[in-house]
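Visitor: There's a structure below that I have some questions on.
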Amino acid sequence: MKSALIVGGTGPSGPFLVNGLRERGFKVAILHRGTHEIPEIGPDIEHIHADPHFRETLDAAIAGREFDVVIATYGRIRIIAEALAGKTGQFIAIGGVPAYRGYFVPSANFPAGLPIPVPETAPTVEREADHRFSYLIASTEQAVLAAHPHGVVYRYPYVYGPYQLIPREWCVIRRVLDRRPFMILADGGLNLMTHGYAGNLAHGVLLGVDHADAAAGQIYNCGDDRQFSIRQIVEIIADEMNHRLEIIDLPAKVAYPSRGISLEITPHHKLLDLHKIKTQLGYSDPIPPEEALRRTTRWYVEHQPERGGELEQRLQDSFDYAAEDQLAAIYRDAAERARAFHREAVPTPHPYPHPRVPNLARDHRNR
């Protein structure tokens, strides 16, 4: 029986990876600190408790062991890659889209922002001085492929599903539970940012196991094939909970309460090009994203985080409804005053001629 090691395994995509490998006939072990156990991981799965952030703890935990496949989802990925060099037939690393130049600092590109959509060939951050976090992600990709020339790197987008550390869906769910009549969104919630349901992302990663030769040495964007704007996400969640939220459209610079749902206040799109993973590995969404979002909503309704607790603090959403009411009042007042400048547009037909009889002159509308 082939063996697989997942470093992590208890985050959003972890259970899907573990069980997907089991279904493929692998004997699976997970290596993690042991502080977060979940029921989706069956009793037949070996647990190796070690800290994947340090080489000495990794070396002690996996001494004398080899694996056919290793999927590193957590910890210091470059250290894990170096520790597993020569000990696995295939090394798969889970990275992230912040590797791209312009993800955090839109002005790093001209015009400002990321290409739409972003291909894997788009520039990544090459200097620590430009953005340290992005640089570490990008340089880790190169360290992985240096240690494992036939390895695979996946650039994860925002992941939704159970066990997310910053489940932005909760920003909507709690407001619905609290029966709020409206929700403030930056720029009307029309921003596009690639998301991926945990089960769909895991499916994309496991396609790399199924097609190891095609995936060898590659870097892949991944995410749901179908994407929703922030506004559509709010609409789907509210609909699942049988509630209607009015959208209060504020400019991004002052839409403070929307920071949690949009993850950051920026007018720039972050939409990934998925052509490569679809054509090389045959990716398509196994779970329709609307259904995945509804499942996620139901899960958080059943597993509600503590009000004002650690999770809400990570979201940077204060749920300050008094402030939101004040902002909404300012918005409505400004909108009413702006209507004083309304001018009726003069209706004009489209510019293409449609003569009623054959001729070379202008038609009856002088076109």
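The values are calculated or read from the model by the stated rules, or taken from the named source; none is laboratory data. In this text the structure is predicted, and so the values were computed from the model without any measurement. Cβ coordinates were reconstructed from backbone atoms using ideal geometry, including for glycine residues, and neighbour counts include every protein chain displayed.
Visitor: Within region 120-130, is even one residue assigned to a helix (DSSP H, G or I) and among the small types (Gly, Ala, Ser)?
Guide: Here is the first cut: in region 120-130, the residues assigned to a helix (DSSP H, G or I) are none.
Checked region 120-130: no residue is assigned to a helix (DSSP H, G or I) and among the small types (Gly, Ala, Ser).
Visitor: Next up: Kindly provide the set of residues from region 271-301 that are within 22 Å of residue 120 (Cβ to Cβ) and of a type in the set (Lys, Arg), ordered by number.
Guide: Result: 276, 278.
Visitor: Further question: So which residues in region 281-304 are surrounded by 16 or more Cβ atoms within 10 Å (Cβ to Cβ), in contact with a helix residue (DSSP H, G or I) (Cβ under 8 Å, 6 or more places away or on another chain) and among the basic types (Lys, Arg), if there are any at all?
Guide: Result: 294, single match.
Visitor: Related question: Scan region 98-118 for residues that are closer than 14 Å to residue 128 by Cα, part of a loop (DSSP other than H, G, I, E, B) and not small (Gly, Ala, Ser) and jot them down. Give the steps one after another, and end with the answer.
Guide: The first filter runs over region 98-118 and keeps only residues closer than 14 Å to residue 128 by Cα, leaving 98-102, 104-105, 108.
Within this subset, residues satisfying the condition of being part of a loop (DSSP other than H, G, I, E, B) are 101-102, 104-105.
Across region 98-118, the qualifying residues are 101, 104, 105.
Visitor: Next up: Regarding region 234-252, can at least one residue be identified that is at pLDDT below 95 and among the small types (Gly, Ala, Ser)?
Guide: Yes; the residues of region 234-252 include at least one that is at pLDDT below 95 and among the small types (Gly, Ala, Ser).
Visitor: Tell me, which strands (runs of 3 or more DSSP E) lie completely within region 174-288 with 1 or more residues that are within 26 Å of residue 156 (Cα to Cα) and among the β-branched types (Val, Ile, Thr)? Working first, answer last.
Guide: Numbers: elements: 182-186, 195-197, 219-221, 246-250.
Here the list reads 219-221.
Visitor: So if I check each of 39, 43, 15, which one is at pLDDT below 95, under 27 Å from residue 292 (Cα atoms) and within 27 Å of the chain's Cα centre (by Cα)? Even if it seems obvious, please write down each step before you answer.
Guide: Values: 43 fails: within 27 Å of the chain's Cα centre (by Cα); 15 fails: at pLDDT below 95.
On inspection, the qualifying residue turns out to be 39.
Visitor: Let me ask another. Test of understanding: among 274, 245, which residue is buried (at least 18 other Cβ atoms within 10 Å of the Cβ) and under 15 Å from residue 118 (Cβ atoms)? Give the derivation first.
Guide: Details: 245 fails: under 15 Å from residue 118 (Cβ atoms).
Criteria check complete, one pass: 274.
Visitor: Same structure, new question: Determine which member of the set 125, 152, 144 is in contact with a helix residue (DSSP H, G or I) (Cβ under 6 Å, 6 or more places away or on another chain) and either free of Cβ contacts under 8 Å to residues at least 40 places away in the same chain or polar (S, T, N, Q) (or both).
Guide: On the way: 152 fails: either free of Cβ contacts under 8 Å to residues at least 40 places away in the same chain or polar (S, T, N, Q) (or both); 144 fails: either free of Cβ contacts under 8 Å to residues at least 40 places away in the same chain or polar (S, T, N, Q) (or both).
Unique residue meeting the criteria: 125.
Visitor: Could I ask something else about it? Restricting attention to region 305-330, report how many residues are touching a helix residue (DSSP H, G or I) at 6+ places or on another chain (Cβ under 9 Å), over 23 Å from residue 248 (Cα atoms), exposed (fewer than 13 other Cβ atoms within 10 Å of the Cβ) and not basic (Lys, Arg).
Guide: Total meeting the criteria: 1.
Visitor: Report yes if residue 78 is farther than 23 Å from residue 163 by Cβ, surrounded by fewer than 17 Cβ atoms within 10 Å (Cβ to Cβ), touching a residue at least 12 places away in the same chain (Cβ under 8 Å) and charged (D, E, K, R), otherwise no. Can you show your working first?
Guide: Values: farther than 23 Å from residue 163 by Cβ: yes; surrounded by fewer than 17 Cβ atoms within 10 Å (Cβ to Cβ): no; touching a residue at least 12 places away in the same chain (Cβ under 8 Å): yes; charged (D, E, K, R): yes.
Spelling it out, it is not the case that residue 78 is farther than 23 Å from residue 163 by Cβ, surrounded by fewer than 17 Cβ atoms within 10 Å (Cβ to Cβ), touching a residue at least 12 places away in the same chain (Cβ under 8 Å) and charged (D, E, K, R).
Visitor: Pairs under 8 Å by beta carbon, first residue under 15 Å from residue 164 (Cβ atoms) and touching a residue at least 24 places away in the same chain (Cβ under 8 Å) in region 1-24, partner acidic (Asp, Glu) and not in a helix (DSSP H, G or I), six or more apart or different chains?
Guide: Short answer, once both residue conditions are applied: 10/37; 15/40.
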